[in-house]
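Heads up, the thing below is written out as structure tokens.
Read the figures in this text as sums done on the coordinates, not as results from a lab. These figures come from a predicted structure and were not determined experimentally. Cβ: placed from backbone, ideal geometry, glycine included. Neighbour counts: every protein chain shown.
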Amino acid sequence: MSKKKTSKSFINVLKEENKISDDILVGINKFSLEDLIAIKLELCANNTNNRLFGLDIWRKTNYVVKDALLKFSISTTKSKKDAARFLGINYQEFNKACRKFKIRESFND
């Protein structure tokens, strides 16, 4: 009997890399997604004199959101095919998107 591949939570990966703690997660959970994005953008802008690394943030937003959706779908489903179905795209589109966004496979067990 073959063992089905299970996904590893992206949060657990960040914990293992000591990039996030339970205390931080409790704080994050108090905010809406929109608030978190605004906070992150403000932090980036403060550190770069409001230049955001020369990015046209309005046009790059789709890229950022799709990158996050791919990571989320992989970490919460049991297979790549399940992740593709979750996103409403076919398996070929999913693999193409993973290559385009350079999604790490390292958070899969």
Segment LEU33-GLU17, extension gain: residue separation times 0.36 nm, minus the distance between their alpha carbons:
3.5 nm
For segment 55-72, Karplus couplings with θ = phi - 60° (6.51, -1.76, 1.60), whole Hz, Gly/Pro x:
7, 8, 4, 4, 7, 8, 4, 4, 4, 4, 5, 5, 4, 5, 5, 4, 4, 5
ARG85 to ASN62: FRET efficiency via 1/(1 + (r/R0)^6), r the Cβ-Cβ distance, R0 22 Å, to the nearest 0.05?
0.55
Which of rounded, prolate, oblate describes the chain, given a ≥ b ≥ c as roots of the alpha-carbon gyration tensor eigenvalues and a/c under 1.5 marking rounded, otherwise prolate only if a/b is larger than b/c?
oblate
Cα→Cβ-extended label distance, 7 Å offset, between THR76 and ASN49, nm:
4.1
Report the charge-dipole magnitude of the chain in Debye, nearest 20, computed about the Cα centre from +1 at each Lys and Arg Cβ and -1 at each Asp and Glu Cβ.
680
Name the residue farthest towards the positive end of the dipole of the chain from the options LEU70, ILE20, PHE31, assuming +1 on Cβ of Lys and Arg, -1 on Cβ of Asp and Glu, about the Cα centre.
LEU70
